[in-house]
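Data first, discussion second: the structure below is written as structure tokens.
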Amino acid sequence: MVQQTTERPTGGLCAHCPLSPAFPEADRCQPGDACVRAHSGRQIDRFFRRNPGEAENYLDDIFWERRAIAARYAPIDRIFRLRSDSDEVVRRVVASRLPDNQLHAMARDPDREVRLSVAARLPPTELQQLIDDSDYLVRATVARRLPHGQLAQMTRDPEREVRKVVASRLPAFALHLLANDAEPEVRAIVAERALPELAARLLTDGEWWVRLAAVGNAPPELLPPLLDDPELEVREAVASRLAETPATPTAGK
């Protein structure tokens, strides 16, 4: 009886691979499944998952995806130099892995996704350098993390979505900086968080949903005129608030 043997494939990508035949024979890779020479991100990732120690050997590979995946697995001290890699995907991986105190050099990266990662991970005390970023999503990320004492300078941001974030985080005593914002969505956030004096000002806002937001914070004695507000929701909110407010005792009783 002739004994059958199972042979590993030696053609295709394996033919000129320096890891062949040692790695296939040791089940450290598998053509079509876990292969560092494949032009398939999934196969390359499976290879490095099995062989993370090989990752740093591919940080200079000519194929951008191979470099990017290798950068996920290589030791952090080996990927610093990839902060200026020619491919933005590689730089995104680097920005997601570097220690946060090493990210400042990537704050001016031309790729928005890289800067978004930097804005999400930089120490809050270093976010100042991204306040004027050209992309509003980066600035919005900055606004979510910036120390409260520095938020006032972002009240003049040209993008509504950024100012909405600022309005949701400003200390209540500073909300007057956005009380006259051109966008009612911003003013509504201000009204929802306003101290009584500022909420009273917003009861006369031209947009009904700003007035509605102000009803919950304004002094109750200023609310009766809004029982005649043209918007039903405002009238109902006022009536509900007044019903919940204890009557002021009459003098002498």
Test item: Cα-centred dipole of the range 137-253, Lys/Arg +1 and Asp/Glu -1 on Cβ, debye = 600
Most exposed to least, judged by fewest other Cβ atoms within 10 Å, 69, 79, 131 sort to 131, 79, 69
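Using Cα pairs closer than 8 Å and at least 6 residues apart in sequence, work out the relative contact order for the range 112-253, in percent.
On the way: 180 pairs, mean separation 17.9, N = 142.
Result for the range 112-253 is 13 percent.
Determine the calculated [θ] at 222 nm for the chain from helices alone, applying -39500 (n - 2.57) to every DSSP H run no shorter than 4 residues and normalising by the residue count; nearest 500 deg cm²/dmol. Could the numbers behind the result be given before it?
On the way: 11 runs with 102 residues, N = 253.
Rounded to the nearest 500, it is -11500 deg cm²/dmol.
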Positive-end residue of 220, 129, 93, charge dipole of the chain with Cβ unit charges | 93
Selection from 138, 103, 239 lying farthest towards where the dipole of the chain points positive, charges on Cβ | 103
Could you calculate, for the range 179-246, the ratio of the Cα radius of gyration to the Kirkwood radius, expressed as Rg to Rh?
-> 0.94
Quick one: what are the phi-derived ³J(HN,Hα) couplings along the range 187-195, Karplus 6.51/-1.76/1.60 with θ = phi - 60°, whole Hz, x for glycine and proline?
-> 4, 5, 5, 4, 4, 5, 10, 5, 6
Trypsin sites (Lys or Arg not before Pro) within the range 102-167: which are DSSP loop residues with at most 13 other Cβ atoms inside 10 Å?
-> 108, 156
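Just the number, please: Stokes-Einstein D of the range 39-94 in µm²/s, Kirkwood Rh from C-alpha pairs, 4 °C, 1.567 mPa s. Working shown, then result.
Details: Rh = 10.8 Å.
Diffusion coefficient, whole number: 120 µm²/s.
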Checked against the positive end of the charge dipole of the range 25-168 (+1 on Cβ of Lys and Arg, -1 on Cβ of Asp and Glu, about the Cα centre), the farthest of 149, 84, 40 is 149
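Pairwise over distinct Cα atoms, reciprocal of the mean inverse distance: report the Kirkwood radius of the range 142-199 in Å, one decimal place. It would help to have the intermediate numbers written out before the result.
Working: mean 1/r = 0.0909 Å⁻¹.
Answer for the range 142-199: a Kirkwood hydrodynamic radius of 11.0 Å.
Under a point-charge model restricted to the Cβ atoms of Lys and Arg (+1) and Asp and Glu (-1), what is the dipole moment magnitude of the chain relative to its Cα centre, in debye to the nearest 20?
Details: 35 positive and 39 negative charges, 155 e Å.
Dipole size: approximately 740 debye.
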So what's the projected area for the range 103-253, the Cα convex hull averaged over all directions, in nm²?
-> 11.0
Remind me, relative contact order of the range 44-170 in percent, using alpha carbon pairs under 8 angstrom and six or more residues apart?
-> 14
Tell me, 47, 23, 173, 80 in order of fewest to most beta-carbon neighbours within 10 Å?
-> 173, 80, 23, 47
Candidates 59, 146, 222: whichever shows maximal mean-square fluctuation once the chain is modelled as a Gaussian network with Cα springs under 10 Å | 222
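Mean projection of the alpha-carbon convex hull of the range 104-171 over all orientations, in nm²?
Taking the Cα atoms of the range 104-171, their convex hull projects to 3.9 nm² on average.
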Ranked packing of 36-43, 86-93, most packed first, by mean Cβ within 10 Å = 86-93, 36-43
In whole angstrom, and with the biggest value first, how far do the Cα coordinates of the chain range along each principal axis?
-> 114, 47, 32
Relative contact order for the chain using alpha-carbon pairs under 8 Å, separation at least 6, rounded to a whole percent?
-> 7
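Every number here is computed from the coordinates shown, using simple stated rules; none is lab data. Since this is a predicted model, take the numbers as computed values, not measurements. Virtual Cβ from ideal backbone geometry, glycine too; neighbours counted across all protein chains shown.
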